[in-house]
1. Counting only residues that are surrounded by 10 or more Cβ atoms within 10 Å (Cβ to Cβ) and closer than 16 Å to residue 58 by Cα, how many does segment 15-46 have?
2. Which pairs have Cβ atoms under 9 Å, sit 6 or more apart or on different chains, and link a residue in segment 41-58 that is of a type in the set (Gly, Ala, Ser) to one that is surrounded by 12 or more Cβ atoms within 10 Å (Cβ to Cβ)?
3. Collect the residues in segment 22-58 that are of a type outside the set (Asp, Glu) and more than 14 Å from the chain's Cα centre (by Cα), keeping them in residue-number order.
4. Are there helices (runs of 4 or more DSSP H) fully within the chain with at least 2 residues that are of a type outside the set (A, V, I, L, M) and modelled with pLDDT of 90 or more? List them.
5. Note down all Cβ pairs under 9 Å where the first residue falls in segment 1-14 and is without any contact (Cβ under 8 Å) to a residue 40 or more places away in the chain, the second is part of a loop (DSSP other than H, G, I, E, B) and surrounded by 10 or more Cβ atoms within 10 Å (Cβ to Cβ), and they're at least six residues apart or on different chains.
Amino acid sequence: MLTDYKNYRSVETALHIIDAYQKTSPDSLVWTPPQEIKRLEDPEMEVNDVVEACQEEISEFLEIREKYLIYR
């Protein structure tokens, strides 16, 4: 049950689920992930590394979307 929606990171949670699924059932997930998620196929790569690599793009997006928010 989600109790603190402001601190919930849905994309990061999804990446952890995908990562765990790939590690436990590597041949059962048949799809073409985006390049950043594909990096998780490397056993040395951690979800946090992927999240950090995307932070600059995320920050830019959040800045742009600010002027379009109806509710704050």
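1. Summing the residues that are surrounded by 10 or more Cβ atoms within 10 Å (Cβ to Cβ) and closer than 16 Å to residue 58 by Cα in segment 15-46 gives 3.
2. Note: pairs meeting the criteria are 53/36; 53/39.
3. Listed by number, the residues that qualify are 22, 23, 24, 25, 26, 28, 29, 30, 31, 32, 43.
4. Numbers: elements: 10-24, 35-38, 47-65.
Once the helices (runs of 4 or more DSSP H) in the chain are filtered for at least 2 residues that are of a type outside the set (A, V, I, L, M) and modelled with pLDDT of 90 or more, what remains is 10-24, 47-65.
5. So the pair list comes out as 2/8.
The values are calculated or read from the model by the stated rules, or taken from the named source; none is laboratory data. Just so you know, these numbers come straight off a predicted model, no measurement behind them. Glycine gets a Cβ as well: all are built from the backbone with ideal geometry, and neighbour counts include every protein chain shown.
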